[in-house]
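Beneath this line is the structure, given in structure tokens, with notes to follow.
The values are calculated or read from the model by the stated rules, or taken from the named source; none is laboratory data. Everything numeric in this text was worked out from a predicted model, so none of it was measured. Counting neighbours? That spans all protein chains shown, and the Cβs are built from the backbone with ideal geometry, glycine included. Just the protein is used for accessible areas: all its heavy atoms, side chains included, with ligands, DNA and RNA removed. Shrake-Rupley method; radii C 1.70, N 1.55, O 1.52, S 1.80 Å.
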Amino acid sequence: MSIKGFCTLGLLITSAHIHASGDDLFDLSLRQLMNMPITGTTLTTETLSSSPAAITVFNSDFIQSLGVEYLHELLDYVPGVQTQRTADSNFSYGFSFRGRRNGGQSKEVLLLLDGQVLNDPRTGAANGSVRLMTLDNIQRLEVIRGPGSALYGTGAFSGVINIISKKNVDAVAFKLGHLDKQGASVNTSRQFNAFEVDTYIHYQQDKGDQYQVVDSFNDGNVQTKDPRSLLEIRAQLSGEKTHFAFYAQQMQGDDFYSLGRISNDFNKNIYRHYGTSIKQDFKLTENSHSYFELDYRYAQANIDTQITAAGDLFAISNPQSNDPVFIKANIRSEGYRAKFHNDFQLKENLSFQWGLDWHRNSELTSEAKNNFNTGQLYDGVTPVEYYGDFSQKTVSQVESDKDMVGAYAQSIWHLSPLHQLSFGLRYDNSDSVSSHWSPRVGWVISVDENNVIKLLYGEAFRAASLNEMANPESPIIKGNPDLNHEVIKTYDVIYQHIQSQFNFQVGGYYNQYTDPINIQLNENSIREYTSGNDSDGYGLEFEGNWNAQKYTWVRLTLSELLSTPDNFFIQSKSTASLMLSYVKNAIGWNLSTVYHGAREIQINTDDFEHIPSSWQANFKLSYNVNKNWSNNILIKNMSNNQFASATQEEGLSEGVPARGRELIYSLKYLF
């Protein structure tokens, strides 16, 4: 049976069992939703109104109502955030906060899952080894825009994504869809003596979409596809004072782009990420809360790609061969972190937080199997030895361990019911980079119960990652061991208006960048990391929610980059999203659209290619059979728009194409 027929049959069967139940999305007023707890901005419990930050929060009901599957898709509904597909692999998606992104990797954003850092140890990127993150097991998502180094140190450069997982859920779900998509997930929650154990396991695969793209090595176009699979495991063991968490993900993608090049039947990417953490709560005094936390991350990337066209090395190889240069890279890294945090309630209106942390990132392996002697090739030695197979390998220089030690302090002072002041300061020190102080100041003014003004200043820094400093002779992207750490200083002014049926917030920001780490094309059209010139930029963000009627919700976001540094050309100046959601009794539907303005791609040192603006509409129809059974139909990219993301990879003048229309049917059972 076709997917269309299967979905129709599913809805016809369930339509015989109408169960009248309200949806939690509309059970709370907008004012109550504004008071959802937020923990990522100050490491204390705040709300949207009291939090000294530009922040967007999604709860699980909102996420499940929206027509998206992955984290990068959800981020398009956050003002000031943009997502783009990159050419690193067929499952690579980067995202930027307020226009700042270094190549295809989101190194300026810190990604936290239940307090555990998920950024890749080698690249420092939030989308490094965790490329696709599903949304089914997220209870709350906090997207914090602006510098976060005053609490989190390096990595929280332009923002923080703080994810809190679901607990106390027993469910099983299945999905079938277009592109032969198949998936299943299971949530379990069990009590063992004083401990609660929550687990989530998700697996899915599909055969990929079809694309006509520019051939990477010959004139003309070539057809390719992007099949992929994903396995994701999360587990939490929670006691009264002890918390243990485990996270694992493995992704595999074939064909499509691999490091910016098309090579059908050879390209393959396999990424693995494993992380574990343990946290122990305790009290130093009666009016305090403290914890000690340890976590460990391991990341591995196996990357198969083609480097040259067939015949390029025929004249200089021995024995002579028309084969292209192929590589099978194996990159492994790991990270450790230890954190000691304290929260003291000094007075009813005054609290003080301080802490210490240490982290180490290490590159364990950086090697590649080759069919030619690539060491000779890169050094200009001829003739270049041809191996004929992949029995030989080239080992790149492994960067030394990067250690960072930090100490931070923060005070939150409620001057009156209308005024809240927060001060934060952090000191970070490392042998590899100079030390840095990161201050933060926030003043939240509650004009009355409906209006709030926030005046914010923050400073953040980011030390160059291991891969940015390694392999200065790489033919793909040259590292630079002399990079300085980059610094951002941000000023925010935010106004919030809150009513029971309507709220909005509008904000303006001004960023100053010092020694920004950029990717540039050199005179040989090879990408390399450089420390750029000091620059600045400013923009506007708007987010509004309207509970138009009892069963209808309208949401609008607008963002405008009014002034940006020259190297922000791959970002859209204007972005927007619009959502209309309706839920009554057992039936709900959601229609949403995302707009990205025009962008540019750098072809060489002087020329740029225009990427036109694009929009994408998604639709989701949900039906709750009863309190246990529910199902939905999701249509992504409803109009099958053909659009592309801008990228900095060489030769991709038309950008990286997005997937076309996808139809997905899901069935869920709560037990």
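Taken together, the criteria place His596 among residues that are within 15 Å of Phe568 (Cα to Cα) and modelled with pLDDT of 95 or more. Just one of the listed residues (Lys166, Lys207) is under 15 Å from Phe246 (Cα atoms), open to solvent by 20 Å² or more (accessible area, probe 1.4 Å) and charged (D, E, K, R), and it is Lys166.
Just one of (1) open to solvent by 10 Å² or more (accessible area, probe 1.4 Å); (2) among the basic types (Lys, Arg); (3) modelled with pLDDT of 95 or more; (4) closer than 19 Å to Gln252 by Cα fails for Arg131. It is (3).
Residue by residue, here is whether (1) more than 15 Å from Arg131 (Cβ to Cβ); (2) in contact (Cβ under 8 Å) with a residue 12 or more places away in the chain; (3) in a strand (DSSP E or B) holds:
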position: Phe266; (1), (2), (3): yes, yes, no
position: Tyr271; (1), (2), (3): no, yes, yes
position: Tyr274; (1), (2), (3): no, yes, yes
position: Asp281; (1), (2), (3): yes, yes, yes
position: Thr285; (1), (2), (3): yes, yes, no
position: His289; (1), (2), (3): yes, yes, yes
position: Tyr298; (1), (2), (3): yes, yes, yes
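From the list Ala184, Ala173, the one residue that fits, being farther than 30 Å from Thr514 by Cβ, among the hydrophobic types (A, V, I, L, M, F, W, C) and surrounded by fewer than 15 Cβ atoms within 10 Å (Cβ to Cβ), is Ala184. When each of Asp428, Asp357, Asp343 is tested for being part of a strand (DSSP E or B), under 28 Å from Gln32 (Cα atoms) and acidic (Asp, Glu), the lone residue that passes is Asp343.
Within the stretch 488-502, the only residue that satisfies the criterion of being among the aliphatic types (A, V, I, L, M) and at pLDDT below 95 is Ile498.
Scanning the stretch 442-456 for residues that are open to solvent by 60 Å² or more (accessible area, probe 1.4 Å) and touching a strand residue (DSSP E or B) at 6+ places or on another chain (Cβ under 8 Å) returns Trp443, Val447, Glu449, Leu455.
Is one or more of the residues making up the stretch 366-375 open to solvent by 50 Å² or more (accessible area, probe 1.4 Å) and either over 30 Å from Ala409 (Cα atoms) or modelled with pLDDT under 95 (or both)? Yes, because at least one residue in the stretch 366-375 is open to solvent by 50 Å² or more (accessible area, probe 1.4 Å) and either over 30 Å from Ala409 (Cα atoms) or modelled with pLDDT under 95 (or both).
Among the residues making up the stretch 108-120, none is in contact with a helix residue (DSSP H, G or I) (Cβ under 8 Å, 6 or more places away or on another chain) and modelled with pLDDT under 95. Only residues that are of a type in the set (A, V, I, L, M), part of a strand (DSSP E or B) and under 21 Å from the mean Cα position of the chain (by Cα) were counted across the stretch 630-671, and they come to 2. In the stretch 193-222, the residues that are farther than 19 Å from Pro657 by Cβ reach residues that are open to solvent by 90 Å² or more (accessible area, probe 1.4 Å) with C-beta atoms within less than 7 angstrom, at least six apart or across chains, in these pairs: Ala194/Glu240; Val197/Arg190; Gln204/Gln182; Gln205/Gln182. Considering only residues in the stretch 241-259 that are at pLDDT 95 or above and outside any strand (DSSP E or B), the one that is most open to solvent (accessible area, probe 1.4 Å) turns out to be Lys241. Taking the stretch 411-434 as the range and being surrounded by fewer than 13 Cβ atoms within 10 Å (Cβ to Cβ) and without any contact (Cβ under 8 Å) to a residue 24 or more places away in the chain as the test, only Ser416 passes. With respect to the conditions (1) touching a residue at least 40 places away in the same chain (Cβ under 8 Å); (2) part of a strand (DSSP E or B); (3) surrounded by fewer than 18 Cβ atoms within 10 Å (Cβ to Cβ), Leu540 falls short on a single one, namely (1). Residues in the stretch 588-629 that are open to solvent by 60 Å² or more (accessible area, probe 1.4 Å) and part of a strand (DSSP E or B): Trp589, Leu591, Tyr595, Glu600, Phe608, Glu609, His610, Trp615, Trp629.
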